[in-house]
Amino acid sequence: MSDFADMSDKNIETFIASAIAHARGKQGMKATGQCRFCDEPVAPDTLFCDRDCRDDFERERAARVRVGKK
C-alpha cells in the first residue's frame, strides 16, 4: 500500500515527464542566412548578427506577448 509521499512522487514524475515532452516538441527559429531582426547577412546556422539585434528581438517579442500578440 502506498502512502501520500509515494503518490506525490509519482505525480511529480509524471508532471516533469510531460513538461519535458512538451518542451522538446516546440520548434525553434531556423537560420535563414539573414539576421532575424535587421535582415543583414549572417553566417550559416546563426540567427542574429550581434547581441544587440538578439536583445532587441527578444525585447520586441516580449512586448508582443504582453499585449496579447504572438
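The values are calculated or read from the model by the stated rules, or taken from the named source; none is laboratory data. Here the structure is a predicted model, which means the values were calculated and not measured. Note: areas computed on protein heavy atoms with side chains; ligands, DNA, RNA excluded. Shrake-Rupley method; radii C 1.70, N 1.55, O 1.52, S 1.80 Å.
Quick rundown of the values:
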| item | result |
| --- | --- |
| Solvent-accessible area of GLU40 with every protein chain in place, 1.4 Å probe, in Å² to the nearest 10 | 100 |
| Nearest-ten-degree value, helix 4-25 long axis tilted from longest Cα axis of the chain | 20 |
| Extension gain, GLN34 back to ARG61 (0.36 nm per residue minus Cα-Cα distance, nm) | 7.9 nm |
| Area accessible to solvent at ASP39, 1.4 Å probe radius, in Å² | 100 |
| Among ALA31, ALA19, ALA43: highest mean-square fluctuation, GNM of the chain, C-alpha pairs under 10 Å | ALA19 |
| At q = 0.23 Å⁻¹, base-10 log of I(q)/I(0) for the chain (Debye sum, equal scatterers on each alpha carbon) | -1.00 |
| Relative contact order (percent, whole number), the chain, Cα cutoff 8 Å, 6+ residue spacing | 17 |
| Cα long-axis angle, helix 51-66 against the chain (0 to 90 degrees, to the nearest 10) | 60 |
